[in-house]
Number of protein chains: 2
Amino acid sequence: MIAMIKSLQVRGAPMIGLAAVMVLAHLAQQPSTTEAVFREAALKLRQSRPTAVNLMNNIDRILSFEPGKMNPDWILNQAILIFREDQELCQQIADHGADLFIADILNERDDNDLRPLSILTHCNTGGLATAGVGTAIGIIRELHQRTSHVHVYVDETRPLLQGGRLTAWEMGELKIPHTLLCDNMAALLMRDKKVDAVVVGCDRIARNGDFANKVGTYGLAVLARHHSVPFYVAGPYTTVDLKCASAAEIPIEERAATEVRGASGSFGKVQWAPSESPVYNPSFDVTPADLVTGWILDSGVFKTPEDMVKVLGQNV
Amino acid sequence: MIAMIKSLQVRGAPMIGLAAVMVLAHLAQQPSTTEAVFREAALKLRQSRPTAVNLMNNIDRILSFEPGKMNPDWILNQAILIFREDQELCQQIADHGADLFIADILNERDDNDLRPLSILTHCNTGGLATAGVGTAIGIIRELHQRTSHVHVYVDETRPLLQGGRLTAWEMGELKIPHTLLCDNMAALLMRDKKVDAVVVGCDRIARNGDFANKVGTYGLAVLARHHSVPFYVAGPYTTVDLKCASAAEIPIEERAATEVRGASGSFGKVQWAPSESPVYNPSFDVTPADLVTGWILDSGVFKTPEDMVKVLGQNV
C-alpha cells in the first residue's frame, strides 16, 4: 500500500486516507499481527504522503486505542465508519457547492443568458479519489443533476495526467458535457470569458486558509484573480489542519524526473526529453488564502478563513 | 512543404518563412515551372500558417517581380538574401537582449549575489526554428557565452512538447545549465523568486505591441505580472506587422483534438484520454502589450510599442 500511494496508484487525499485504514483494518484481523507490528505499519503508512492530512488524521483515529488494548473488530468498525463518513461528507460538500453556484452565478444572470454554467477544474477529485461522489467533481455532478446546464473544462494536469486520464473519463461516464485542455490553455479560456468559476479539491487546508493541492492549482488561482473569475476550493473538514498555521508549514514533495521527461501509465510509456535533462517536479503547490473566493466544506461555504476556523474549531 | 508546415514538421515563424522561399526558389529553377504555376504555389504556401507573418512577407518579396518577368536566378538570389538576413537578424537580437539582461538584471544585483541569471522560456526559438542562433534562445546563448552564468527554465510546451523535445535537447547540446518543467509549474517557480525574467519568441507583433505566440505564452505573461517578473518578447522586424492594428486582428488556429488526447512524435505515440472527449486546442494565444516589459528586436530594445513603431516605420 505504501508503494501504491507513493506511485500514485492510490491517489486523491480522501482515497489515500481510506485505503490506508482499510489496509490497516485487514492487517489487524490477521491473528499473527501483534500490536507492535500494527503500530509500526500504521506509522510507516502515515508518512507515505506528507501533504495529505486525511491520511494522518485517519491513522491517528485508528491508533487512538489504549496501549495494550488493540481490538481488531473495533479497528474494522472505525475503518467502516470513516468510509461511510467520507461518502456523507462528499454529498454535503456537493450540496453546499451546488447551492452556491446556483445562487451566486446562475440566478444572477440575465434571463436571456442561456450559456451553460462553465466550470474549470484541475486534477481528479471525483469517485476515483473518494468513497463518494467526490469533492470538486461531486459539486459539478450535483449541479449537472439539478440543472442539466453545466459545462466542465478539464485541465489535463501534467505530469501524471489525472485530468486527461481520469476526469475526462469520469465526465464521459456521467454524461456531463466537458472539454479537455492542456494546462497552459486555461488563461486563454478565461480571457475569452468562457469560465464562470474554478473549483479544485485540496490535500491540506491551513488555519489561515492557505491550501496545498496538485501542482498547477496556484497558477490557476493567479489567472482567475487576474480575470476576475471566482476561485473555490472544496474538501471535507478532515483536510483542514487547524494545527497548521499557514502554507509555509506544508511540505511539498518533489517527485521523479522521469515523470516530466515523458508520460507513462496503463496507456503505454514514452519519453520525449533527453535522459540527462535536469527536471523540476514539485508534486503540489500552495495557494494563498487571499486568492481564494470561498472554501466549500461539508459544514458549509466559508467566504473567509476566520469563519471557517470559527465553525471547525467548535467541532474539533 | 504545405503539409510539413501544417503538421509543424517545419516550425518556428522564421524557419517557416525560410523553408517556404527555399522551396519556391527550387520550384522556379525547374524548366517546366510556368509563372502561373509558380504564383499559384506561392499563394498556397502563403496561406499554410495564418499566424506567421514572416511567411507572408517573405513570399510577397519573392513574388515582387513584374508580371511576365519571372527570373529563376533572381528568385534564388532573393531566397539566399532572406536566409542570410535571418542569420544576421538573430545575432542582432541576441546582442541587444544580452546587453539588456546584463545591464538591467546582472549589473543591478548586489556584488555578493552569486545566483545565475535565471531565465524562463516557452516553446522553441533556437537554431531549430531559425537560420541563425534563434530569437529568445539566441539571447540565452549569447548571455551564456558572455557570462557563463545563466540558468534556463524550459517550459515543456504542451501539446506538441517543443520545450521538452527541442529546447531541452538544444540546451544540452549548447551545454547551457537548464531545468525542464511542466507548463503548470512556472507559477510556483516565480513565487519562489527563481525566475529573473521570462523571454519568448513570437509569430506576429501588432502595431500596438500585442503579439501572438505559442499557446501558454499569455498565461506566462499574466503570471509574470503578478510576481513582478519582467516579461520580454524577442523577434526580427519581419514578425512585426505594422498593418495589423492589434491582437483582435490576429487569427488563432485550432488544431486537431488528437494532439491533446495524447502525445506523439519520433519518440512514439500514446493516447491517455478517451477518444470521444471533446478538446480545446488553440495553437497560439495573444499577449496584450500592457503585459510586455519590452520588445527585443534586431534594431534594438523597445520599452513601448510607440518607440518600436517609430523606428520600424522609418525602415519600411
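The values are calculated or read from the model by the stated rules, or taken from the named source; none is laboratory data. Remember, predicted model here, so these are calculated numbers, not experimental data. Backbone-built Cβ (ideal geometry, glycine too); neighbour counts: all protein chains shown. Just so you know, the surface numbers come from the protein's heavy atoms only, side chains and all, with ligands and any DNA or RNA stripped out. Shrake-Rupley method; radii C 1.70, N 1.55, O 1.52, S 1.80 Å.
Could you look through segment A:41-98, keep only residues that are in a helix (DSSP H, G or I) and of a type in the set (Gly, Ala, Ser), and pick out the one that is nearest to A:THR125 (Cα to Cα)?
By that ranking, first place goes to A:ALA94.
Let me spell it out: the conditions are (1) open to solvent by 60 Å² or more (accessible area, probe 1.4 Å); (2) under 27 Å from the mean Cα position of the chain (by Cα); (3) hydroxyl-bearing (Ser, Thr, Tyr), and A:THR34 meets all of them except one. Which number is the exception?
Failed condition: (2).
Does B:ASP203 meet the test of being more than 11 Å from every other protein chain (Cβ to nearest Cβ), among the acidic types (Asp, Glu), closer than 30 Å to B:ARG261 by Cβ and open to solvent by 10 Å² or more (accessible area, probe 1.4 Å)?
Answer is yes for this residue.
Check every one of the strands (runs of 3 or more DSSP E) wholly within segment B:249-301 and list those with 2 or more residues that are facing chain A (nearest Cβ under 10 Å) and touching a strand residue (DSSP E or B) at 6+ places or on another chain (Cβ under 9 Å).
Those strands (runs of 3 or more DSSP E) span B:262-265, B:268-271, B:284-287.
Regarding segment B:230-242, can at least one residue be identified that is open to solvent by 10 Å² or more (accessible area, probe 1.4 Å), touching a Pro at 6+ places or on another chain (Cβ under 8 Å), modelled with pLDDT of 95 or more and not hydroxyl-bearing (Ser, Thr, Tyr)?
No, the conditions are met nowhere in segment B:230-242.
Table: residues versus (1) surrounded by 19 or more Cβ atoms within 10 Å (Cβ to Cβ); (2) in contact with a helix residue (DSSP H, G or I) (Cβ under 9 Å, 6 or more places away or on another chain); (3) closer than 30 Å to B:THR147 by Cα.
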position	(1), (2), (3)
B:ILE2	no, yes, no
B:LEU8	no, yes, no
B:MET15	yes, yes, yes
B:ALA19	yes, yes, no
B:ALA25	yes, yes, no
B:GLN30	no, yes, no
B:MET70	no, yes, no
B:ASN77	no, yes, no
B:ILE82	yes, yes, no
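Just one of the numbered conditions (1) surrounded by fewer than 24 Cβ atoms within 10 Å (Cβ to Cβ); (2) within 11 Å of chain B (Cβ to nearest Cβ); (3) at pLDDT 95 or above is not true of A:GLY219; which one?
Evaluating A:GLY219 over (1) surrounded by fewer than 24 Cβ atoms within 10 Å (Cβ to Cβ); (2) within 11 Å of chain B (Cβ to nearest Cβ); (3) at pLDDT 95 or above leaves (1) as the failure.
All but one of (1) surrounded by fewer than 21 Cβ atoms within 10 Å (Cβ to Cβ); (2) at the interface with chain A (Cβ under 8 Å from one of its Cβ atoms) hold for B:ARG146; state the number of the condition that does not hold.
Unmet condition: (2).
Scan B:ARG49, B:ARG39 and give me the residue that is modelled with pLDDT under 90, charged (D, E, K, R) and open to solvent by less than 70 Å² (accessible area, probe 1.4 Å).
B:ARG49
Taking into account only those residues within segment B:152-176 that are over 24 Å from B:GLN9 (Cβ atoms) and not aliphatic (A, V, I, L, M), which is nearest to the other protein chains (Cβ to nearest Cβ)?
Taking the candidates together, the pick is B:TYR153.
With respect to A:GLU66, determine if the residue is over 30 Å from A:VAL200 (Cβ atoms) and of a type in the set (D, E, K, R).
Yes, satisfied.
Condition first: over 19 Å from B:ALA212 (Cβ atoms) and of a type in the set (D, E, K, R). Can you find one or more residues in segment B:1-9 that meet it?
No, the conditions are met nowhere in segment B:1-9.
Using the structure shown, decide if A:ASP95 is open to solvent by 30 Å² or more (accessible area, probe 1.4 Å) and within 25 Å of A:ILE205 (Cβ to Cβ).
Against the criterion (open to solvent by 30 Å² or more (accessible area, probe 1.4 Å) and within 25 Å of A:ILE205 (Cβ to Cβ)), A:ASP95 qualifies.
Among (1) among the hydroxyl-bearing types (Ser, Thr, Tyr); (2) more than 7 Å from every other protein chain (Cβ to nearest Cβ); (3) more than 16 Å from the chain's Cα centre (by Cα), which single condition is A:THR179 missing?
Going through the list (1) among the hydroxyl-bearing types (Ser, Thr, Tyr); (2) more than 7 Å from every other protein chain (Cβ to nearest Cβ); (3) more than 16 Å from the chain's Cα centre (by Cα), A:THR179 breaks only (2).
Does A:LEU63 fit the bill of being open to solvent by less than 10 Å² (accessible area, probe 1.4 Å) and either within 24 Å of A:VAL286 (Cβ to Cβ) or out of contact with any strand residue (DSSP E or B) (no Cβ under 9 Å at 6 or more places or on another chain) (or both)?
Criteria not met by A:LEU63.
Give B:LYS175, B:LYS194 a once-over and let me know the one that is touching a Ser or Thr at 6+ places or on another chain (Cβ under 7 Å), of a type in the set (Lys, Arg) and outside any helix (DSSP H, G or I).
Of B:LYS175, B:LYS194, the one residue that is touching a Ser or Thr at 6+ places or on another chain (Cβ under 7 Å), of a type in the set (Lys, Arg) and outside any helix (DSSP H, G or I) is B:LYS194.
Taking the criterion of being away from chain B (no Cβ under 14 Å), of a type in the set (Gly, Ala, Ser) and assigned to a loop (DSSP other than H, G, I, E, B), would at least one residue in segment A:103-122 satisfy it?
no
Could you check B:ILE139 against (1) over 13 Å from the mean Cα position of the chain (by Cα); (2) assigned to a helix (DSSP H, G or I); (3) among the aliphatic types (A, V, I, L, M) and say which number it fails?
The failed condition is (1).
Considering only segment A:246-267, state which residues are charged (D, E, K, R) and open to solvent by less than 70 Å² (accessible area, probe 1.4 Å).
A:GLU253, A:ARG255, A:GLU259, A:ARG261
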